[in-house]
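Since the structure comes first, as structure tokens, the remarks are kept for the end.
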Amino acid sequence: MPHAGLCSRWGGRVLPLLLAYICYLLLGATIFQLLEKQAESQSRDRFQFEKLRFLENYTCLDQQAVEQFVQVIMEAWVKGVNPKGNSTNPSNWDFGSSFFFAGTVVTTIGYGNLAPSTEAGQVFCVFYALVGIPLNVGFLNHLGTGLRAHLTMLERWEDQPRRSQLLQTLGLALFLALGTLLILILPPMIFSHVEGWSFSEGFYFAFITLSTIGFGDYVVGTDPSKHYLSVYRSLAAIWILLGLAWLALVLPLGPLLLHRCSQLWLLGLRLDREAEEALGGTPREGSTAARTQATQDFLAWRRSLRNW
């Protein structure tokens, strides 16, 4: 069947690209972890030493000591070390966090709360982004191309029975509803519960993330007072990738669903009018001309929607 052949060819292109995409993220997470984790550990140890020395000598504190301690805090913060808590805080460059960082690089979210501090890490990040960003764009474009190819097979939708039209429209609506629930409703609820945010804050984080704005004012897995699962940030990175892929699929479906619903509504009006005329015996005067004009208006409106 032509449709099966089209899906097979599309799948043959997307699956290798998806495999390369996942392998590239795993490679980035591994290298970022190797390049950054040791430097972070050294910075964390130095910060803890300076903080203990400050607490021991606070009775004879002078301005220079304060300035030096503030400088240490600022350097630690720039390198991703949270001044709160102690040296047992989770690493920002363990594998899960590194995978999360790799995902924010290739998706161009860039929260800004964490960045490579070593020269080797910065150089690698540049070349990693040069390859990863086009790879991410190509993957999302392939998803959109596959959906458009599938929608092209449905161009003869108006020629199908009304029952099939209704089922297809309900299927599209169900797909949109489930996708919205799984991508935009449940994850903010989970983030709100784990991070101690309100639902509005969790939804705000989800929107800012999936729109790739990435302000960095809300980032998951950064509170030192909480004990996160080791895979928490990795799961968040996977949610980001799935969310972006879902958006690439769903954006063309919104106008299509509205188009289909309006067509079904107009078709129902026409059938009701014809049923009333059949029950009334002979058609009312001018009904044939009115029906012809309504049909012409409907066809012109449909053509304008397609052009749009």
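The values are calculated or read from the model by the stated rules, or taken from the named source; none is laboratory data. Remember, predicted model here, so these are calculated numbers, not experimental data. Glycine gets a Cβ as well: all are built from the backbone with ideal geometry, and neighbour counts include every protein chain shown. Heavy atoms of the whole protein, side chains included, go into the accessibility calculation; ligands, DNA and RNA do not. Shrake-Rupley method; radii C 1.70, N 1.55, O 1.52, S 1.80 Å.
A few points about this structure:
- With the highest mean first, a sort of the peptides 218-225, 180-187, 104-111 on other beta-carbon atoms found within 10 angstrom per residue produces 104-111, 218-225, 180-187.
- Tensor-based shape of the stretch 171-213 (alpha-carbon gyration tensor, a/c under 1.5 rounded, otherwise prolate or oblate): oblate
- Heavy atoms of SER230 accessible to a 1.4 Å probe, total area in Å² rounded to 10: 100
- Accessible area expressed per residue, the stretch 26-127, with surrounding protein chains retained (probe 1.4 Å, Å²): 56
- Solvent-accessible surface of protein heavy atoms, probed at 1.4 angstrom with all chains present, puts PHE124, PHE95, PHE207, PHE47 in the order PHE207, PHE95, PHE124, PHE47, largest first.
- Between LEU186 and LEU269, the simple label model (points 7 Å from Cα in the Cβ direction) yields a spacing of 3.9 nm.
- To the nearest 10, the accessible area of LYS226 is 60 Å² with a 1.4 Å probe.
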